[in-house]
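In what follows, a structure is listed as structure tokens, so that the remarks can point back to it.
The values are calculated or read from the model by the stated rules, or taken from the named source; none is laboratory data. Just so we're clear, the structure is a prediction, and the values are computed from it rather than from any experiment. Here the Cβ is made from the backbone with ideal geometry for all residues, glycine too, and neighbour counts use every protein chain on show. All accessible areas refer to the heavy atoms of the entire protein, side chains included, with ligands and DNA or RNA removed. Shrake-Rupley method; radii C 1.70, N 1.55, O 1.52, S 1.80 Å.
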Amino acid sequence: MFLAVRAARRRGVSAVPETQDPHVTQPSSAKFVYDFTEGNRDLKDLLGGKGANLAEMTNLGLPVPPGFTITTEACKVYLESGTEPAALRAEVSQHLDALEQKMGKKLGQADDPLLVSVRSGAKFSMPGMMDTVLNIGLSDASVSGLAAQAGDERFAWDSYRRLIQMFGKTVLGVDGELFEEALEEAKRAKGVRVDVELDAADLQNLVAHFKDVVAKETGRDFPQDPREQMDLAIRAVFDSWNTDRAKLYRRQERIPGDLGTAVNVCSMVFGNLGPDSGTGVAFTRDPASGQQGVYGDYLQNAQGEDVVAGIRNTVPLADLENIDKASYDQLMQIMETLETHYKDLCDIEFTIERGKLWMLQTRVGKRTAGAAFRIATQLVDQGLIDEAEALQRVNGAQLAQLMFPRFDLGAKSEMIGRGIAASPGAAVGKAVFDSYTAVKWSRSGEKVILIRRETNPDDLNGMIAAEGILTSRGGKTSHAAVVARGMGKTCVCGAEELEVDTKSRRMTTQDGTVIEEGDVVSIDGSTGKVYAGEVPVVPSPVVEYFEGRMHAGADDADELVKAVHRIMAYADRVRRLRVRANADNAEDAARARRFGAQGIGLCRTEHMFLGERREMVERLILADTDADKAALEELLPLQKADFIELFESMDGLPVTVRLLDPPLHEFLPDITDLSVRVALAEARHEKHENDLRLLQAVHKLHEQNPMLGLRGVRLGLVIPGLFAMQVRAIAEAAAERKNAKGDPRAEIMIPLVGTVQELEIVREEAEQVIAEVEKTHGVELKLTLGTMIELPRAALTAGQIAESADFFSFGTNDLTQTVWGFSRDDVEASFFTAYLEKGIFGVSPFETIDKDGVGSLVRNAAAAGRATRPDLKLGVCGEHGGDPESVHFFHEVGLDYVSCSPFRIPVARLEAGRAAAESKGSDSR
Ligand code: PEP
Ligand code: MG
């Protein structure tokens, strides 16, 4: 029992109570199957994205082939227990009966078979990651019935061979290559190049061959019972949730592992019934730029996945107008209906069967980061959504992507080809032609561009490892394009003039230039251009805008910049969280201010003690007796000058200065170097008293766990005069700024406090120093004094600590380190990959706040601090302050501000706005 509960917990599934039988996880009344007429788009959790949207389209009266959806709940039961829920079979039978009645024919009926597709469909789209089987219901008995009904022998045998091929590979686990080889052999024997040149007799032979392959490889015949085909396909779709590639994709996309997939059983319509049939994909707007228009690809006389797989070359959707005007016009109208209904860009899969249009799928479409911003503002202008909704249509990760540099178009560059701009960005790297090499080279620190004719789901690892992806085939909806966009990776696809030869690991351009493996190439995912060699990069226009070098109001301003400007204005208008910067020099502070910082939340003063000042600190630390007054006196004016600069660049805004924090050894000479020096001097009988004295001191101060040693407030308490000198420098700098008519707003912050007593001692000393400076300079400084909360004890006794603090700033880097017992400098490189692979956490807790553990301490400490002191100011200055998901958490627990590095400020502003808009939305619901 314990193991079952533990296993369930590990998979992120809520564990069943001890008293309950773990196998009975579903109440017997649960409904596992929904007809397309029963669902709607809000049921994505239960019906998956595809099922929910098929239901929505059915209810909108659009031409969707009838069918039903098996819920994700059924899948979860299957994944948990290894068998389908007991009630499933009867429910499927009931819905199949209804479907057969609607269609007027039975599944696999010999003279006129009903055929169905069995498709996966999870809550979140996972393109190409899970299984789909088409043409279920075909058998030796029904293939001639299909031929008679369709009046097309060839079509019937082609459908049958596709079924055996797909079923054999995905359901029965036969190596797909064996079918491919048989197909190639059939073409070779006939002396033709493409599948469509094989006739009915050839395909009939191929079916026999495929059946032999199945029998040989699996030890059983290809199942002839249509219901058995369907049940096995449903089970295969459930199983495909947990394939390695699906798991990897989910980790990448941060999709929880316990959602399961729904299964859609849909009556088949055929795009391969001749030239008046076909299949395609369409977008209601350009997913790369957001522009409205006719975007998509169409493939005549083709079925199912042919378009997405990018195997055969498609024609642009606009050409459909000439091929089949009636279907084209109807499609355009449906696209408009869908966009108005969903109030967003939709992508669509459709099939035309002998001139009749069928909708096979729609969903709110993936888009590039730039298009997301543009579409959000366009929809506001069209009156389809309001500003709060526009904020939900973009996110911080997309904004961060837009801040990447681009190619310098003025630089000399050698363009060698051009493909489709599938996913924006500028990527430079060494050409590699297979995923294995991409992963291997990137592990050894090389930047690589993965070049393939086309990609398939097995290339996922290589795509993750590469800087960018280049393919010579396939359109905007090919596997490479869809997956790269989802990952935010630069991608150029369908660069047909480049001949990619993966076997010889080279690519040849039209003029005969050869790019070998290892040669550097540059690809531009915003224009589709491909260059030989390294093209220099320039900053993005969005960064230029934040820097104030480009104005959104200017007539010639970039559309993207205008959209970003508007969205940022919405975010700033609604957000409650203030956003400050982690900055310790005037240059960073100035940039932070340009990027919208409302102060400095963390100035790490240790950064001011490096370079030549390090030696003064060394002297201070090594002083035997009282503080080395001389060293302190030398440091004081230097520190003061630092603060004056900082207060000036942040005039009128709060600046939190943290007193010295890092472990002592960071200021001391390396123990090994020093030992060698002493040993050499001794061997040579040279004078070495100073080094010896230094070595003894370094030994004395050496710590096994410096991060848990003499640092932070502990340092201030044992090195007399150190904190007092820093406080004096801050106070004098503030006084001088005041006297110069400035508006300094310094906040003094004590690091690594574990108990209120530490804070009280430092506070008393600091207050004395401040009072002295106020007196000598004749000004009132109004300096505040607070503490970091970065140790569990501090968080647990926050109520007491608040008695002596004007503010708290959560140091979530150290708090994560100490709550988990993870050495922050070591663990990410040493074992986090294994932890991520095992699903212990989906993302490093140093990146996104661990809400249940560290976050719970933050929540409770914030509440306890405010209970003692209602006006206590609360902020966070760990790395999490600039992480989108964490910003939402800090909003929710009521902090006043987040502080992050200057470049992340726009992202934090946007996410703070999104968090506020979201919580307002849920308050009013
Ligand atoms: C922290 O611990 O979160 C923090 C901001 O301090 P530092 O990273 O400098 O230890
Ligand atoms: Mg810290």
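Taken residue by residue, segment 569-586 has at least one member that is open to solvent by 40 Å² or more (accessible area, probe 1.4 Å), more than 16 Å from ligand 2 (Cβ to nearest atom) and modelled with pLDDT under 95.
All conditions in (1) surrounded by fewer than 24 Cβ atoms within 10 Å (Cβ to Cβ); (2) touching a strand residue (DSSP E or B) at 6+ places or on another chain (Cβ under 9 Å) hold for A427, with the sole exception of (1). Considering every residue within segment 653-676, establish whether at least one is touching a Phe, Trp or Tyr at 6+ places or on another chain (Cβ under 9 Å), under 30 Å from D743 (Cβ atoms), at pLDDT 90 or above and open to solvent by 60 Å² or more (accessible area, probe 1.4 Å). Among the residues of segment 653-676, not one is touching a Phe, Trp or Tyr at 6+ places or on another chain (Cβ under 9 Å), under 30 Å from D743 (Cβ atoms), at pLDDT 90 or above and open to solvent by 60 Å² or more (accessible area, probe 1.4 Å), which makes the answer no.
Would you mind finding the one in A864, A915 that is away from ligand 1 (no atom under 16 Å from the Cβ) and open to solvent by 20 Å² or more (accessible area, probe 1.4 Å)?
Testing whether each residue is away from ligand 1 (no atom under 16 Å from the Cβ) and open to solvent by 20 Å² or more (accessible area, probe 1.4 Å) leaves just A864.
The residues of segment 185-219 that are open to solvent by 80 Å² or more (accessible area, probe 1.4 Å) and modelled with pLDDT of 90 or more, listed by number, are E185, R188, A189, K190, Q204, N205, H209, D212, K216, E217.
The residue that is nearest to ligand 2 (Cβ to nearest atom), counting only those in segment 763-802 that are farther than 18 Å from V876 by Cβ and small (G, A, S), is A766. Only one of V876, V843 is farther than 22 Å from N705 by Cα, in contact with a helix residue (DSSP H, G or I) (Cβ under 8 Å, 6 or more places away or on another chain), β-branched (V, I, T) and away from ligand 2 (no atom under 14 Å from the Cβ); which? None of the others qualify; the one that does is V843. Residues considered: G355, G383. Of these, the only one that is over 18 Å from P424 (Cα atoms) and open to solvent by 50 Å² or more (accessible area, probe 1.4 Å) is G383. The number of residues in segment 220-243 being modelled with pLDDT of 95 or more, of a type in the set (S, T, N, Q) and either surrounded by fewer than 16 Cβ atoms within 10 Å (Cβ to Cβ) or on the phi > 0 side of the Ramachandran plot (or both) comes to 1. Selection of first residues in segment 177-193 that are assigned by TED's automatic domain parsing to the domain that holds M166 and of second residues that are part of a helix (DSSP H, G or I) and of a type in the set (F, W, Y), restricted to Cβ pairs under 9 Å at least 6 apart or on distinct chains, gives the following pairs, ordered by first then second residue: L178/F210; F179/F210; A182/F210; L183/F210. Tell me whether segment 812-825 contains one or more residues that are away from ligand 2 (no atom under 13 Å from the Cβ) and without any contact (Cβ under 8 Å) to a residue 12 or more places away in the chain. The answer is yes, given that some residue of segment 812-825 is away from ligand 2 (no atom under 13 Å from the Cβ) and without any contact (Cβ under 8 Å) to a residue 12 or more places away in the chain.
Is segment 98-114 home to any residue that is farther than 22 Å from A156 by Cβ, more than 28 Å from the chain's Cα centre (by Cα) and either buried (at least 21 other Cβ atoms within 10 Å of the Cβ) or small (G, A, S) (or both)? Walk me through how you get there before you give the answer.
Going residue by residue through segment 98-114, those that are farther than 22 Å from A156 by Cβ are 98, 101-102.
Then keep just the ones that are more than 28 Å from the chain's Cα centre (by Cα); that gives 98, 101-102.
Those left that are additionally either buried (at least 21 other Cβ atoms within 10 Å of the Cβ) or small (G, A, S) (or both): 98.
The answer is yes; a qualifying residue exists.
Is it fair to say L460 is aliphatic (A, V, I, L, M), surrounded by fewer than 24 Cβ atoms within 10 Å (Cβ to Cβ) and in contact with a helix residue (DSSP H, G or I) (Cβ under 6 Å, 6 or more places away or on another chain)? Considered against the rule, which asks whether it is aliphatic (A, V, I, L, M), surrounded by fewer than 24 Cβ atoms within 10 Å (Cβ to Cβ) and in contact with a helix residue (DSSP H, G or I) (Cβ under 6 Å, 6 or more places away or on another chain), L460 comes out as yes. Determine, yes or no, whether F832 is assigned by TED's automatic domain parsing to the domain that holds E758, at pLDDT 80 or above and surrounded by 15 or more Cβ atoms within 10 Å (Cβ to Cβ). Here the answer is no, as F832 does not meet what is asked.
Here the condition is being outside the structural domain of Q291 (by TED's automatic domain parsing), buried (at least 23 other Cβ atoms within 10 Å of the Cβ) and small (G, A, S); of G553, G518, G474, G512, it holds for G474 alone. From the list V564, V537, the one residue that fits, being open to solvent by less than 60 Å² (accessible area, probe 1.4 Å) and under 27 Å from the mean Cα position of the chain (by Cα), is V564.
Considering the conditions (1) within 35 Å of the chain's Cα centre (by Cα); (2) open to solvent by 30 Å² or more (accessible area, probe 1.4 Å); (3) not β-branched (V, I, T), N53 is excluded by exactly one of them, (2). Pairs under 6 Å by beta carbon, first residue on the phi < 0 side of the Ramachandran plot in segment 365-387, partner surrounded by fewer than 20 Cβ atoms within 10 Å (Cβ to Cβ) and of a type in the set (K, R), six or more apart or different chains? Here the result reads T377/R566; L384/K343; I385/K343, each pair linking segment 365-387 to a residue that is surrounded by fewer than 20 Cβ atoms within 10 Å (Cβ to Cβ) and of a type in the set (K, R).
Considering only residues that are more than 8 Å from ligand 1 (Cβ to nearest atom) and either in a helix (DSSP H, G or I) or open to solvent by 10 Å² or more (accessible area, probe 1.4 Å) (or both), which ones fall in segment 803-815? Before the answer, list the steps.
Kept after step one, since they are more than 8 Å from ligand 1 (Cβ to nearest atom), are these residues of segment 803-815: 803-808.
The answer is E803, S804, D806.
Contact map, segment 281-298: residues that are open to solvent by 30 Å² or more (accessible area, probe 1.4 Å) paired with residues that are among the acidic types (D, E), Cβ distance under 8 Å, separation 6+ or inter-chain. Pairs shown: Q292/D286; G293/D286; Y295/D286.
Only one entry of K851, K838 meets the criterion of being modelled with pLDDT of 95 or more, of a type in the set (D, E, K, R) and either more than 16 Å from ligand 2 (Cβ to nearest atom) or touching a Cys at 6+ places or on another chain (Cβ under 9 Å) (or both), and that entry is K851.
Any idea which residue in segment 873-925 is farthest from M403 (Cα to Cα), counting only those that are within 21 Å of the chain's Cα centre (by Cα) and among the charged types (D, E, K, R)? Across segment 873-925, the extreme among qualifying residues is E918. Number of residues in segment 751-785 that are without any contact (Cβ under 8 Å) to a residue 24 or more places away in the chain and within 16 Å of ligand 1 (Cβ to nearest atom) equals 0. Scanning segment 816-829 for residues that are touching a Ser or Thr at 6+ places or on another chain (Cβ under 8 Å), open to solvent by 20 Å² or more (accessible area, probe 1.4 Å) and either within 11 Å of ligand 1 (Cβ to nearest atom) or under 27 Å from I761 (Cβ atoms) (or both) returns a single hit, R824.
Might you let me know whether segment 620-629 holds any residue that is within 16 Å of ligand 1 (Cβ to nearest atom), among the hydrophobic types (A, V, I, L, M, F, W, C) and without any contact (Cβ under 8 Å) to a residue 12 or more places away in the chain? Walk me through it before giving the result.
Here is the first cut: in segment 620-629, the residues within 16 Å of ligand 1 (Cβ to nearest atom) are none.
The answer is no, given that none of the residues of segment 620-629 is within 16 Å of ligand 1 (Cβ to nearest atom), among the hydrophobic types (A, V, I, L, M, F, W, C) and without any contact (Cβ under 8 Å) to a residue 12 or more places away in the chain.
With respect to (1) open to solvent by 10 Å² or more (accessible area, probe 1.4 Å); (2) touching a strand residue (DSSP E or B) at 6+ places or on another chain (Cβ under 6 Å); (3) within 13 Å of ligand 1 (Cβ to nearest atom), the lone exception for G882 is condition (1). Could you go through segment 724-737 and let me know if any residue there is over 28 Å from K873 (Cα atoms) and either among the hydroxyl-bearing types (S, T, Y) or touching a helix residue (DSSP H, G or I) at 6+ places or on another chain (Cβ under 7 Å) (or both). No, because not a single residue in segment 724-737 is over 28 Å from K873 (Cα atoms) and either among the hydroxyl-bearing types (S, T, Y) or touching a helix residue (DSSP H, G or I) at 6+ places or on another chain (Cβ under 7 Å) (or both). Here R418 meets the list (1) farther than 21 Å from G475 by Cα; (2) open to solvent by 50 Å² or more (accessible area, probe 1.4 Å) almost entirely, failing just condition (1).
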